[in-house]
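Student: Please find one structure pasted underneath; my questions will follow.
The values are calculated or read from the model by the stated rules, or taken from the named source; none is laboratory data. Since the structure is predicted, the reported quantities are computational estimates derived from the model, not experimental observations. Note that each Cβ is placed from the backbone with ideal geometry, even for glycine, and that neighbours are counted across all protein chains shown.
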Amino acid sequence: MLNSMKEVEKKTMKKMRFHVRFSLAMAIAVALCIGCLTPAMAADSAEQQLLVDKARVSFQSVIQDDNFIWLRENLHQAKALLIVPSLLKAGFILGGSGGNGVLVARNEKTGKWSQPAFYTVGSVTFGFQIGGEAAEVIMVARTRKALDSLYSSSFKLGGDTSIAAGPVGAGTKANVMTDFVSFSRTKGAYAGLSLEGAVIKTRDGWNEAYYGEAVRPLDILVKGAVSNPGSKELRKTIANAERAGSSTSGSQGKARYHVVERGDTLWGLSQQYGVPVAEIRRLNNIEEGQAIYPGQKIMLQ
């Protein structure tokens, strides 16, 4: 009887040791899986972050171009911006095209720019093409109707929402009445770029990858339910350009000067005072590539 009880006790202890070892093994396996998945999840947003970075560079380049003074001076009236760093052509003479873009919207109460949401733009028609491979495009939503359309999963430009190419060139004072106004620039040469009839769709998969959870445009642009620190520089660049443009459009023509301090740059002065770099160069006879120096008196208007 005693031997029988000892045998039962031995079997019980053996089972307990087995369960303990099994539990430990499972815990280690889960920990290893989590460790493997975390870098993978972080890597999933690399493509989206690259597009955000490209959008910032593209926006900054376009906003400094003196062919887009109207955009610069009216940026403060925009309700949202859709920035497509590279809109690719499909055909040689006529054809469709497409590209990925990021949308940021202005908070009506605070005036701050939202986190970016991801979209695609497709079925764009180019005019007669004599070269070039891609166009940088900035679409400005100027009305409530335009903004509301962007919250849907898909819509076509030129139907319920009107769109027109924005004014280009120095001294432009045109009044724009459409819901959307677009600006495009190419490295090659296109004789025309029409966004009429283009289809804009949300990229839910990209939004989820960038923010780590399934979200809709309203969650990102209006509710501010998610955030990614990788968008900070894009939003900062847009906010700085907006302030500079507002200062330019509201100036009264009184001469202004700035005494250069250590670390000052022409681009920094342009952002601070809202005067294009090219205009600062012209007013002060500063040639391309010529540096400014501490103590130098710079005319700004």
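Student: If you check residue 172 against the conditions, is it within 24 Å of residue 73 (Cβ to Cβ), modelled with pLDDT under 85 and touching a Phe, Trp or Tyr at 6+ places or on another chain (Cβ under 6 Å)?
Tutor: It is true that residue 172 is within 24 Å of residue 73 (Cβ to Cβ), modelled with pLDDT under 85 and touching a Phe, Trp or Tyr at 6+ places or on another chain (Cβ under 6 Å).
Student: Right, something else. Please go through segment 204-238 and give me each residue that is of a type in the set (Gly, Ala, Ser) and more than 30 Å from residue 64 (Cβ to Cβ), ordered by number.
Tutor: 205, 209, 212, 214, 225
Student: Checking the condition touching a strand residue (DSSP E or B) at 6+ places or on another chain (Cβ under 6 Å), at pLDDT below 90 and either under 14 Å from residue 82 (Cα atoms) or among the aliphatic types (A, V, I, L, M) (or both), which residue from 134, 146 passes?
Tutor: When all the criteria are applied, what remains is 134.
Student: Separate question: Residues that are of a type in the set (Asp, Glu) and either at pLDDT below 95 or surrounded by fewer than 19 Cβ atoms within 10 Å (Cβ to Cβ) (or both): find the helices (runs of 4 or more DSSP H) completely inside segment 193-261 holding 2 or more of those.
Tutor: 204-211, 232-249
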